[in-house]
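Here's the structure, in structure tokens; my notes come after.
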Amino acid sequence: MNILHISAECFPIAKVGGLADVVGALPKYQKDLGTTANVVMPFYNNKFTQSNTFEEIHADYIALGHQYYDFKVLKLTSNQLGFDLFCIDIPDLIYKEYVYSNDDTERFLAFQIATLDWILTFEKQPNIIHTHDHHTGLIPFMMSQSFKYKTLKNIPTVLTIHNAQYQGWFSHEKVNLIPPFNRDNIGLLDWDGNINSLATAIKCAWKVTTVSPSYMEELKIKANGLEDLLNHESSKCIGILNGIDWSVWNPKTDEKLVKNYDKSNVISGKSGNKKWLCKEYNLDVKKPLFVFIGRLVGEKGADLFPEIFKEALAENNISILLLGSGHEKTEEALTTIPQENFNTFIGYDEKLAHIMYAGADFLLMPSRVEPCGLNQMYSLRYGTVPIVNAIGGLKDTIIDITKENGFGVVHHGVTVEKVTSAIAKASIYFNQKEFKTNLKKIMQIDHSWGNSAQAYVNLYKSLKN
């Protein structure tokens with residue numbers, strides 16, 4: 001079976017969020033199951049593309065309305081990813097330092113058209129085309145409706161929704177940018193008066209998946225305007241929980257850590273990383289260390305952080321370290337928190353993130369929206385106890401320590417009171433015998449991609465003609 005994943009992001013080439021981690025891992029694990037799984041993505045001007053070698057395997061031009069653009073298909077020459085990577089290079093539109101911007105309609109539509117034009121030249125067509133989020137959402141439509149791609153209409157398409165808040169809206173005035181199609185079916189493009197790329201993909205893809213079962217059910221109730229559509233199309237929708245790449249996220253071999261460890265020496269290993277963090281950020285190593293790693297946005301509950309942290313630090317004998325960036329007002333408000341037992345790194349640093357997963361005692365994830373969540377899986381892998389809101393993938397992966405077989409801390413709802421109450425449960429830290437037993441337990445929870453990759457392969461097989 002030949003699977004082609006099409007995405008705007010793929011780790012380690014270009015990463016903005018969890019989409020990149022999924023697309024960078026899933027094909028590798030699918031290949032372990034005997035399939036051929038490769039990735040197509042835009043060619044950005046970034047550190048990875050500048051420092052690696054690509055070979056040109058195809059060249060042509062596309063029409064985007066009345067504009068014409070040259071494009072090339074570039075293949076990564078090394079096999080470092082575990083799958084073949086193909087990049088669509090459209091210098092005038094895509095080759096930028098950024099992934100997303102305010103001109104994304106033209107950029108990602110051109111990327112999708114060029115990708116399909118290239119697929120038309122294949123001697124052997126893919127068995128499955130797997131699209132990811134709205135940036136590739138018009139591909140199922142064009143394959144089934146555009147005259148140009150009629151030879152591709154019988155290839156099954158799968159859409160994975162990583163985050164339904166972003167839908168790729170644009171005006172019907174730009175409909176002529178899409179290769180000609182039967183205008184009797186223009187309704188497939190429309191949702192609430194605009195062309196909506198994600199809604200179009202939900203209508204046209206053969207199957208629609210989300211990155212956790214709970215998120216799929218939540219979207220039928222709250223999906224930024226797509227609730228009715230997802231309920232109408234529910235027969236072809238399924239939630240498949242994401243996994244994490246255990247070859248990357250492995251505290252025993254992780255080169256980014258200060259000290260490596262496994263479950264046999266987890267206490268000393270985590271201690272070595274915690275000591276480094278506390279020295280680097282002027283925190284008390286004797287206190288339980290809570291960390292947050294992620295975007296400082298409302299979806300993550302970050303607007304409440306200044307108040308939560310002030311209250312939690314005043315009421316508990318703890319330290320807090322934050323890594324992230326986002327809303328400027330939140331960043332500014334964090335600077336008003338007394339620096340004793342609290343510190344921040346505004347921005348993102350991949351090495352620091354790994355050390356924080358390894359050195360922290362608790363990970364905070366008070367998300368209001370969390371389609372799957374990967375951070376809680378990383379923290380389990382590194383022996384750090386997640387404190388999460390019962391939403392989306394967090395609900396599917398973390399069991400409260402007071403429940404049978406529980407191991408984390410779960411709160412229901414995101415308010416200052418509920419999050420600070422959850423933080424107060426850190427008292428379990430001071431029963432070190434019980435706490436250490438729990439660390440070894442959570443490190444053995446398997447959230448690798450194996451089961452999830454198999455679930456996707458089973459889904460593909462159900463679509464084969």
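The values are calculated or read from the model by the stated rules, or taken from the named source; none is laboratory data. Computed from a predicted structure; not experimentally measured. Ideal geometry is used to build each Cβ from the backbone, glycine not excepted, and the neighbour counts take in all protein chains shown.
From the list Asn2, Asn79, Asn45, Asn38, pick out the single residue that is touching a Pro at 6+ places or on another chain (Cβ under 6 Å) and surrounded by fewer than 23 Cβ atoms within 10 Å (Cβ to Cβ).
Numbers: Asn79 fails: touching a Pro at 6+ places or on another chain (Cβ under 6 Å); Asn45 fails: touching a Pro at 6+ places or on another chain (Cβ under 6 Å); Asn38 fails: touching a Pro at 6+ places or on another chain (Cβ under 6 Å).
Selected residue: Asn2, the only one of Asn2, Asn79, Asn45, Asn38 that is touching a Pro at 6+ places or on another chain (Cβ under 6 Å) and surrounded by fewer than 23 Cβ atoms within 10 Å (Cβ to Cβ).
Sort through Leu257, Leu188 and tell me the only one that's under 26 Å from Ile445 (Cα atoms), out of contact with any strand residue (DSSP E or B) (no Cβ under 7 Å at 6 or more places or on another chain) and of a type in the set (A, V, I, L, M, F, W, C).
The match here is Leu257.
If you go through region 43-65 one residue at a time, do you hit one that is touching a helix residue (DSSP H, G or I) at 6+ places or on another chain (Cβ under 9 Å), of a type in the set (Lys, Arg) and at negative phi?
Within region 43-65, none of the residues are touching a helix residue (DSSP H, G or I) at 6+ places or on another chain (Cβ under 9 Å), of a type in the set (Lys, Arg) and at negative phi.
Among (1) within 22 Å of Trp191 (Cβ to Cβ); (2) in contact (Cβ under 8 Å) with a residue 40 or more places away in the chain; (3) out of contact with any Ser or Thr (no Cβ under 8 Å at 6 or more places or on another chain), there is one condition Arg107 misses while meeting the rest; what is its number?
(3)
Which one of Gly225, Gly294 is crowded, with 20+ Cβ neighbours inside 10 Å and at positive phi? Write out each step before concluding.
Numbers: Gly225 fails: crowded, with 20+ Cβ neighbours inside 10 Å.
Residue meeting the stated conditions: Gly294.
So is Asp192 closer than 24 Å to Gln454 by Cβ and in contact (Cβ under 8 Å) with a residue 24 or more places away in the chain or not?
Spelling it out, it is not the case that Asp192 is closer than 24 Å to Gln454 by Cβ and in contact (Cβ under 8 Å) with a residue 24 or more places away in the chain.
Just to confirm my filter: which strands (runs of 3 or more DSSP E) fall fully inside region 35-124 and include at least 1 residues that are at pLDDT 95 or above, within 19 Å of Met143 (Cα to Cα) and in the same structural domain as Phe11 (by TED's automatic domain parsing)? First the steps, then the outcome.
Values: elements: 36-42, 54-64, 67-76, 85-89.
Because the criterion is at least 1 residues that are at pLDDT 95 or above, within 19 Å of Met143 (Cα to Cα) and in the same structural domain as Phe11 (by TED's automatic domain parsing), the strands (runs of 3 or more DSSP E) in region 35-124 that meet it are 36-42, 54-64, 85-89.
I'd like the residue in region 431-465 that is assigned to a loop (DSSP other than H, G, I, E, B) and not acidic (Asp, Glu) and, out of all such residues, is nearest to Leu374 (Cα to Cα). Working first, answer last.
From region 431-465, those assigned to a loop (DSSP other than H, G, I, E, B) are 431, 444-447, 449, 464-465; that's our starting set.
Retained after the next criterion (residues that are not acidic (Asp, Glu)): 431, 444-445, 447, 449, 464-465.
Working: Asn431: 28, Gln444: 16, Ile445: 14, His447: 9, Trp449: 12, Lys464: 30, Asn465: 34 Å.
Among residues in region 431-465 that are assigned to a loop (DSSP other than H, G, I, E, B) and not acidic (Asp, Glu), the one nearest to Leu374 (Cα to Cα) is His447.
For region 174-189, what are the residues that are closer than 19 Å to Asp104 by Cβ and surrounded by 14 or more Cβ atoms within 10 Å (Cβ to Cβ)?
Of region 174-189, the ones closer than 19 Å to Asp104 by Cβ are 174-179, 189.
Hits for region 174-189 are Lys174, Val175, Leu177, Ile178, Pro179, Leu189.
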